[in-house]
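Have a look at the structure below before the remarks.
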Amino acid sequence: MLGEADEISARLKFARRLIRDGGALAKAHFQARGQLAVESKAGSQDLVTLADRDVEALLRTRIEGAFPQDGLLGEEHGLSGADASYLWVIDPIDGTNCFVHGLPDWCVVLACIRQDQVLFGMIFVPCTGDLYWAVAGKGAYRNGRRIHTSEAGIENGFIAIGGSSRGMAGQIGGIIEALLSRGGSFVRNGSAAHTLALVAAGHYVGYFQPKLCAWDSAAGLLLVREAGGVADDVLASGGLLERRDVFAVAKHACHDLRKIVAWETICQTATLLTPSSSQGWN
Ligand code: LIP
């Protein structure tokens, strides 16, 4: 029987090959995307195609073959083996909207979890060929080179902000307004996992998006932490199966971004609690 370190390193080695194979299949679909039927799931921006389902099926089949005792949680095919010691969290294509519209910002995502702790996270971006990964306690890497979070502040670097119809529109608007009025700037990248990889590698200073799933964020949050940044734990207290706010940032910019996000959240919550004009308040 293998010790824990060997169990993890066997999975890590396997994941490195697997994620590239998943990426190759996804890229073949991307190149023929005109033939894919696009369906919407929970909303008009929440898209899925055969490519997402196909890539997840490939990843699951290969993991089941190599580690039959492990559990699986995937965006398209759900949860199996919830009580297993090792759980693989899969987003076959994160950034399906980008994928569908021919943009390169989509990626394949794998995280391996044990007792709500991410052991390693891996993000492969087929259009650039970049492979990001991090192992808990062992640093974050892109294509074999160590990566680090940005040294810029929120005034002179990019802050990535994401939102969807699930979040509070006023909160997102307020955060963007606060950033701009401080002389800062924001970007919206259509893949949460890719965004987190870019925070880890120092291209963006930080990132906030409300209500994301573990398959969008768990791998990337470990990358940011291992690259020297601050990243909230979305898996704490049953977060694996819930939507959680994603906050990740370079350490020195943490206080500033946290203040803006917290303030706008309070303001938006207060607005929602204020009785509407029909009750004579405005
Ligand atoms: C998407 C995210 C995106 C977010 C969407 C969605 P998908 O993941 O990465 O940033 O805004 O709500 O969750 O569906 O493309 O895997």
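The values are calculated or read from the model by the stated rules, or taken from the named source; none is laboratory data. This structure is a prediction, so every number in the text was calculated from the model and none was measured. Positions of Cβ are generated from backbone atoms using ideal geometry, with glycine treated the same way; all protein chains shown enter the neighbour counts.
Residues that are touching a Lys or Arg at 6+ places or on another chain (Cβ under 7 Å) and among the hydrophobic types (A, V, I, L, M, F, W, C) within the stretch 65-85 comprise 67, 72, listed in sequence order.
Just so you know, in the stretch 37-62 the residues that are surrounded by fewer than 18 Cβ atoms within 10 Å (Cβ to Cβ), of a type in the set (Lys, Arg) and in a helix (DSSP H, G or I) include one that is farthest from the ligand (Cβ to nearest atom), and it is 62. Residues in the stretch 22-46 that are under 14 Å from residue 58 (Cα atoms) and touching a Leu at 6+ places or on another chain (Cβ under 8 Å): 22, 25, 29.
Could you list, in sequence order, the residues of the stretch 163-184 that are under 17 Å from residue 42 (Cβ atoms) and either touching a strand residue (DSSP E or B) at 6+ places or on another chain (Cβ under 7 Å) or touching a residue at least 12 places away in the same chain (Cβ under 8 Å) (or both)? Lay out the reasoning, then the answer.
First, the residues of the stretch 163-184 that are under 17 Å from residue 42 (Cβ atoms): 163-169.
Hits for the stretch 163-184 are 163, 164, 165, 166, 167, 168.
Residue 11 fulfils the conditions (1) within 16 Å of the ligand (Cβ to nearest atom); (2) touching a residue at least 60 places away in the same chain (Cβ under 8 Å) except for a single criterion, (1).
Being in contact with a strand residue (DSSP E or B) (Cβ under 9 Å, 6 or more places away or on another chain) and on the phi > 0 side of the Ramachandran plot is the filter; apply it to the stretch 185-242 and report the residue that is farthest from the ligand (Cβ to nearest atom). Result: 228. The residue that is surrounded by the most Cβ atoms within 10 Å (Cβ to Cβ), among those in the stretch 135-154 that are out of contact with any strand residue (DSSP E or B) (no Cβ under 6 Å at 6 or more places or on another chain) and of a type in the set (A, V, I, L, M), is 154.
Whether a residue is acidic (Asp, Glu), free of Cβ contacts under 8 Å to residues at least 60 places away in the same chain and out of contact with any Phe, Trp or Tyr (no Cβ under 7 Å at 6 or more places or on another chain) was assessed, and residue 151 does not pass this test. Being of a type outside the set (Val, Ile, Thr), within 19 Å of residue 164 (Cα to Cα), outside any strand (DSSP E or B) and at pLDDT 95 or above is not true of residue 256. Screening the stretch 88-106 for residues that are within 9 Å of the ligand (Cβ to nearest atom), under 13 Å from the mean Cα position of the chain (by Cα) and not in a loop (DSSP other than H, G, I, E, B) and picking the one that is surrounded by the fewest Cβ atoms within 10 Å (Cβ to Cβ) gives 96. Of the residues making up the stretch 108-118, those that are surrounded by 21 or more Cβ atoms within 10 Å (Cβ to Cβ) and more than 9 Å from the ligand (Cβ to nearest atom) are 108, 110, 111, 112, 113, 118. Return the total of residues in the stretch 155-167 being more than 12 Å from the ligand (Cβ to nearest atom) and at pLDDT below 95. Matching residues across the stretch 155-167 total 2. For the stretch 123-146, indicate whether the set of residues that are more than 18 Å from the chain's Cα centre (by Cα), at pLDDT 95 or above, farther than 27 Å from residue 61 by Cβ and within 16 Å of the ligand (Cβ to nearest atom) is non-empty. So far as the stretch 123-146 goes, no, none of its residues is more than 18 Å from the chain's Cα centre (by Cα), at pLDDT 95 or above, farther than 27 Å from residue 61 by Cβ and within 16 Å of the ligand (Cβ to nearest atom). Here is a check on your reading of the model: is residue 220 part of a helix (DSSP H, G or I) and free of Cβ contacts under 8 Å to residues at least 12 places away in the same chain? It is false that residue 220 is part of a helix (DSSP H, G or I) and free of Cβ contacts under 8 Å to residues at least 12 places away in the same chain. If you check 5, 28 for being in a helix (DSSP H, G or I) and loosely packed, with under 10 Cβ neighbours inside 10 Å, only one passes: 5.
Against the definition (more than 16 Å from the ligand (Cβ to nearest atom), in contact with a helix residue (DSSP H, G or I) (Cβ under 8 Å, 6 or more places away or on another chain) and at pLDDT below 95), how does residue 170 come out, yes or no?
Working: more than 16 Å from the ligand (Cβ to nearest atom): yes; in contact with a helix residue (DSSP H, G or I) (Cβ under 8 Å, 6 or more places away or on another chain): yes; at pLDDT below 95: yes.
Judged against the criteria, residue 170 is a match.
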